[in-house]
Amino acid sequence: MKIVVLAGGLSPERNVSLSTGTMVAEALRSLGHRAALVDMYFGLEDYRGSLEECFDAPISAAGKKISREAPDLEQVRARRKDKSGSLFGSRVLELCALSDVVFLALHGPCGEDGRVQAAFDLLGIPYTGAGSLGSAIAMDKDLTKRLVSDLV
């Protein structure tokens, strides 16, 4: 199975997401899957191979080291070559469309608020986890508590 592990993004939890993504991609490969680890925010801006080759590209061990400090998101933005305001980096959506499924290893608002899920729903890209509406509602903790309080 071809799986894109989408990690990183642009949130204060970026470092944790990259670590999660690295470990998930390694685990998927150990189970015989072809897994491509991609940083949602930077995408493939420095990658020169074919998209198909991404599923077998080496996985950097750098993601296993989590900094205790939250990333400076302005510095992260400044490192992006295309300076686009998009959540998705270069060729991310193309790569995701080639996969059988996208494993969402994103943490924080950029991956848990339903925007990524809504984009994938519109593009017909299958992904793991909750859908766009459930994700959006769950990001508002107060609203979620009020919605489920009658169920408990």
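The values are calculated or read from the model by the stated rules, or taken from the named source; none is laboratory data. The structure presented is a predicted model; accordingly, all values stated were derived computationally and were not measured. Note: ideal-geometry Cβ built from the backbone for every residue, glycine included; neighbour counts use all protein chains shown. What goes into the accessible areas is simple: the full protein's heavy atoms, side chains included, and nothing from ligands, DNA or RNA. Shrake-Rupley method; radii C 1.70, N 1.55, O 1.52, S 1.80 Å.
Things worth noting here:
- Index of the failed condition, R79 passing every other in (1) within 30 Å of D140 (Cβ to Cβ); (2) free of Cβ contacts under 8 Å to residues at least 40 places away in the same chain; (3) touching a Phe, Trp or Tyr at 6+ places or on another chain (Cβ under 8 Å): (1)
- Of all residues in the range 114-124, those satisfying the criterion of being of a type outside the set (G, A, S) and either part of a strand (DSSP E or B) or open to solvent by 30 Å² or more (accessible area, probe 1.4 Å) (or both) are R115, D121, L122, L123.
- Looking across the range 78-102, the residues that are under 16 Å from the mean Cα position of the chain (by Cα) and either open to solvent by 80 Å² or more (accessible area, probe 1.4 Å) or of a type in the set (D, E) (or both) come down to R91, E94, D100.
- So G9, is it open to solvent by less than 30 Å² (accessible area, probe 1.4 Å) and modelled with pLDDT under 90: no
- Condition met for I66 (under 25 Å from T128 (Cα atoms), open to solvent by less than 40 Å² (accessible area, probe 1.4 Å) and part of a loop (DSSP other than H, G, I, E, B)): no
- Count of the range 14-63 residues, restricted to those that are part of a loop (DSSP other than H, G, I, E, B) and under 19 Å from L93 (Cβ atoms), is 12.
- Subset of the range 12-56 (residues that are open to solvent by 30 Å² or more (accessible area, probe 1.4 Å) and touching a helix residue (DSSP H, G or I) at 6+ places or on another chain (Cβ under 8 Å)): P12, L18, M23, R34, L37, Y47, E52
- Note on the range 126-148: residues that are over 26 Å from A97 (Cα atoms) and outside any helix (DSSP H, G or I) amount to 1.
- Identity of the residue in the range 125-152, closer than 27 Å to R34 by Cα and in contact (Cβ under 8 Å) with a residue 24 or more places away in the chain, that ends up surrounded by the fewest Cβ atoms within 10 Å (Cβ to Cβ): P126
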